[in-house]
Amino acid sequence: MAEEEIYYEMLWDCTQCNTKGLLGDSHRHCPTCGAAQDPTERYFPKEGEEVEAKNHKFVGADWSCAYCSSPNSQAAAHCTNCGAGQDGTKPVALVADKATPEPLPSTMPTTAPKRSMGWLRWVFAALALVVIGIVFLFTSTKETTATVAQRTWAREIQIEQMGRVADSAWRDSVPGDAYGVSCSREQRSTKQVPDGQDCHTERVDKGDGTFVKRQECTTRYRDVPVYDDRCSYTVNRWRTVRSVKADTQNAMNPVWPTVSNLNANFPGGGVGSLGSEREGTRHESYVLTLGSGGKTWTCNVPENVWSKYQEGATTPLKVRLTGGADCSSLK
Ligand SMILES: [Zn+2]
Ligand SMILES: [Zn+2]
């Protein structure tokens, strides 16, 4: 904010005698016919026709006389036109500068069409009903008696081998044990840097027959590429190369497959040297095949549940309306 603002005269036209371009601060009354200034007739002068209001002291926006509508200085206790008091009066309305660009109208309509809300509510209600129907179809069950037709199990151990893995990363995230690292400059991101200012002059109605000019500036930005080192490298990592499986139908006691012939010491180093192998993740599954009235269901169950059901045994089983079995009903 400038310490010493320059005040310029607003202009007004006399509606009584049609004299145009009167000064807002100097001409509180029309110099031609003597009519009081009408603050609603104030306007900004054209570019280049501004008249400075010399020695002007801003004391606040004018108050509008409640009896004769004349504008009066904040410093005046009584209307200079008719003598009425200041009490209970309002300040004059300020004039907006039409020379400054108006804010762009929003692309969204300000009032949403209320009519469409009605049918939208019905669509939501119908959708909710459909969802409830589907949930009901998939969750409601009826109990049937099923016979255990088959029991199967499978167990698998994955075998991992230490091997060379090629990868690439930004320099700050290259692993510490990487080797064969080769990097080149690449654009990693962009950042915004200030690139000058967009300024325009705004004229502000002070409400006392004068206006001031104000510089309104916004900082402009531009995108600048940010470069970094992109590195390709090699690391030694455990990778799954094969798996060992064991599966037997109807066997009562599942066992893990025997892992033999691991390359534990290859080619001369210990575990962790290139080419050496180790046991990795284990997977297991236990399946009961159940039948009733010509229908069959397969249930993947935990081992402790699976081991309770002998082949040929009968058990209650919950069946959904869609035909699928609720395997969690097997306990
Ligand atoms: Zn006049
Ligand atoms: Zn008055």
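The values are calculated or read from the model by the stated rules, or taken from the named source; none is laboratory data. Because the structure is a prediction, the values reported are computed rather than measured. Ideal geometry is used to build each Cβ from the backbone, glycine not excepted, and the neighbour counts take in all protein chains shown.
Here are some notes:
- Checked against (1) modelled with pLDDT of 95 or more; (2) in contact with a Ser or Thr (Cβ under 6 Å, 6 or more places away or on another chain), residue 193 passes all but a single condition, namely (2).
- Across the range 66-79, the number of residues qualifying as more than 8 Å from ligand 2 (Cβ to nearest atom) and assigned to a loop (DSSP other than H, G, I, E, B) comes to 5.
- Checked against (1) more than 16 Å from ligand 1 (Cβ to nearest atom); (2) under 24 Å from residue 201 (Cβ atoms); (3) not charged (D, E, K, R), residue 11 meets all criteria but (1).
Yes/no per residue for (1) more than 30 Å from residue 8 (Cα to Cα); (2) modelled with pLDDT of 75 or more:
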position: 89; (1), (2): no, yes
position: 101; (1), (2): no, no
position: 110; (1), (2): yes, no
position: 115; (1), (2): yes, no
position: 119; (1), (2): yes, yes
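- The residue of the range 175-212 that is surrounded by the fewest Cβ atoms within 10 Å (Cβ to Cβ), among those that are of a type in the set (Gly, Ala, Ser) and assigned to a strand (DSSP E or B), is 184.
- Test: residue 49 is free of Cβ contacts under 8 Å to residues at least 24 places away in the same chain, more than 16 Å from residue 214 (Cα to Cα) and surrounded by fewer than 16 Cβ atoms within 10 Å (Cβ to Cβ): yes
- The residue that is nearest to residue 282 (Cα to Cα), among those in the range 235-260 that are among the β-branched types (Val, Ile, Thr) and surrounded by 15 or more Cβ atoms within 10 Å (Cβ to Cβ), is 244.
- Some residue of the range 9-26 being within 20 Å of residue 212 (Cβ to Cβ), within 16 Å of ligand 2 (Cβ to nearest atom), of a type in the set (D, E, K, R) and surrounded by 15 or more Cβ atoms within 10 Å (Cβ to Cβ): no
For every residue, the table says whether it meets (1) surrounded by fewer than 15 Cβ atoms within 10 Å (Cβ to Cβ); (2) more than 30 Å from the chain's Cα centre (by Cα); (3) farther than 30 Å from residue 326 by Cα.
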site: 127; (1), (2), (3): yes, no, no
site: 139; (1), (2), (3): yes, yes, no
site: 153; (1), (2), (3): no, yes, no
site: 173; (1), (2), (3): yes, no, yes
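- Of residues in the range 62-79 being surrounded by fewer than 18 Cβ atoms within 10 Å (Cβ to Cβ) and within 16 Å of ligand 1 (Cβ to nearest atom), the one farthest from residue 211 (Cα to Cα): 68
- For residue 36, the stated conditions hold: it is within 16 Å of ligand 1 (Cβ to nearest atom) and touching a residue at least 12 places away in the same chain (Cβ under 8 Å).
- Residue pairs meeting the criteria (Cβ under 6 Å; at least 6 apart or on separate chains; first part of a loop (DSSP other than H, G, I, E, B), in the range 305-331; second charged (D, E, K, R)): 311/151
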